[in-house]
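Some notes on the structure that comes next.
Computed from the coordinates by the stated procedures, all read-outs in this text should not be read as laboratory data. If you're wondering where the values come from, they're calculated on a predicted model, not measured in any experiment.
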Amino acid sequence: MELNKCKRCGAFFVTDNCVCPNCEPKDTIELSKLKDFLSENSFPNSIESLSFDTGITTKNLNRFLEQKDFSSFSSLLQSDNSGNLGIRL
Ligand SMILES: [Zn+2]
């Protein structure tokens with residue numbers, strides 16, 4: 001088993017997830033919030049406004065939107081030079 005660094009809090013932990021066991025419930029809550037938001041609203045025109053509307057940080061949004069649950073939105077997204085996802089206008 002390898003040590004992973006939690007994508008949310010930076011703690012080291014041993015599982016195959018990208019967040020530690022402490023942060024997993026927060027990820028789950030935010031993911032369902034994001035799904036609910038996107039099922040009721042049209043996709044906003046920037047990650048920043050999506051962050052503002054959902055209360056989820058842009059860092060976490062970028063991570064969530066790379067997951068295959070959100071692949072239907074991936075055509076709306078593009079990576080910028082620093083590798084962050086942005087919304088294609
Ligand atoms: Zn964590």
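In table form, for the structure just shown:
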read-out: Gyration tensor (alpha-carbon) shape descriptor, segment 1-66, a/c threshold 1.5; value: prolate
read-out: Long-range amide H partners of Arg8 with built H, under 5 Å; value: Cys20
